[in-house]
Structure formats: structure tokens, C-alpha cells
């Protein structure tokens with residue numbers, strides 16, 4: 001990467017840090033309001049109030065996330081590096097999967113989208129665009145739909161549409177929502193550290209947070 005590219009990357013990362021500070025401030029305010037409600041109302045009532053607080057916070061943070069996402073686009077391979085540096089999500093990204101995200105002989109799509117909807121009734125809906133695999137090169141089918149998501153290929157997870165009822169969770173979706181998405185900059189920076197630094201960081205992450213069971 002040339003000097004100009006490095007300077008552009010640094011400017012982008014500095015701008016993202018400012019946005020991250022604003023997001024952290026908003027999340028902190030949400031947490032304080034939820035604690036105040038929990039102390040004031042009985043369980044059923046405070047749960048209802050917390051939903052309202054969370055929805056308002058998400059609405060307030062949306063412009064910041066949109067601004068942040070536009071800056072991410074200026075950084076090459078931002079989401080790939082962030083994804084790979086996550087202590088659990090990186091495990092489902094097989095070497096073959098990574099190859100398939102560049103120009104490849106496997107499918108013709110130029111972009112892939114998977115929509116994850118966390119509904120008010122507690123269900124989770126997942127849907128993805130159809131991958132246009134070339135003849136006999138469907139690696140999602142090749143890997144198979146195994147029972148534990150972290151034993152699967154990224155493409156196996158991506159291609160599996162689901163509706164999960166309340167109380168059941170998709171591990172990958174939950175980790176993206178609760179960890180990768182809000183802390184994307186941290187994971188990206190970790191992905192640019194040395195191998196030893198990354199190993200140490202993953203150990204700390206595993207000690208702090210364990211993947212939810214399916």
C-alpha cells in the first residue's frame with residue numbers, strides 16, 4: 001500500500017473513531033436509562049419500557065452507523081479483516097471461502113447479501129440472495145448442513161434460510177449483531193496486528209465472551 005493510500009486509511013480510521021465515541025456515548029445513555037427503569041418498575045413493566053428505550057437508541061444511532069459504513073467502504077477489505085479477527089466468526093471462514101470473495105471460478109454474483117431480522121415477537125428471520133454457482137461448484141452443498149454452525153463453511157451458513165422461534169438463536173447472527181457490528185473498528189485493528197498480538201487478543205476475547213449455544 002502506497003503512502004497516499006496509508007494516509008487515506010489513517011484519515012478514515014480517525015473519522016471512524018470519532019463516530020465510535022458517539023456510538024459508545026449513546027449506548028451508555030441507553031444502559032443508564034434501562035437501569036433506572038429496572039429499579040423503578042416491576043419486571044413486566046420495565047421490560048416493556050426497555051424495549052422502547054432500545055428502539056429509540058437504535059433510531060438515534062442509525063445515522064451514525066450509516067456514516068460509519070460509508071467510511072468503511074474507503075478501507076480495502078475492512079469487513080473481511082474484521083470478520084477474520086473475531087475469535088469465533090473467523091473460525092467459519094475457511095481458506096476456500098476467502099478465495100471465493102475475490103474474482104473466482106465458483107459463482108457469478110458480484111455481491112452477496114444476507115438479511116437478518118430480529119423481530120419484536122422474539123423470532124429471528126434470515127434470508128439471503130441466491131448464489132449463482134457455476135456448474136458443479138456449489139461448495140455450500142459440498143460442505144453440507146452440519147449441526148453446529150462453527151463446523152460449517154461460511155457459505156453453508158449463508159445459503160441456509162431460517163426462521164428461528166423465540167428462545168432459539170443463530171450463533172453467527174447473534175455474534176454479528178452483538179459483537180462484530182458494534183465493535184467493527186476494534187476487530188479490524190486487531191486484524192492488522194501481528195500474529196502473536198492476534199493470538200493474545202483472541203485469548204482475551206474468549207475469556208470475556210463465549211458463543212451462545214444454538
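Read-outs throughout are calculated quantities, based only on the coordinates presented, and are distinct from any laboratory measurement. Please read all numbers here as calculations on a predicted model, not as lab measurements. Note: ideal-geometry Cβ built from the backbone for every residue, glycine included; neighbour counts use all protein chains shown.
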Beta carbons within 10 angstrom, averaged per residue: use that to sort the peptides 180-191, 70-81, highest first.
-> 180-191, 70-81
Between residue 67 and residue 42, what is the FRET efficiency for a Förster distance of 45 Å, r being their Cβ-Cβ separation, to the nearest 0.05?
-> 0.70
Ranked by Cβ crowding within 10 angstrom, fewest neighbours first, how are 138, 4 ordered?
-> 4, 138
Cα gyration tensor shape for the range 1-69, rounded if a/c is under 1.5, else prolate or oblate | prolate
Sorted by Cβ neighbour density within 10 Å, fewest at the top, the residues 108, 124 | 108, 124
Using 0.36 nm per residue of separation minus the Cα-Cα distance, give me the extension gain between residue 56 and residue 162 in nm, one decimal.
-> 35.4 nm
Can you give the extra length, in nm with one decimal, that the chain gains between residue 138 and residue 27 once fully stretched, where that is 0.36 nm per residue apart less the Cα-Cα distance?
-> 35.8 nm
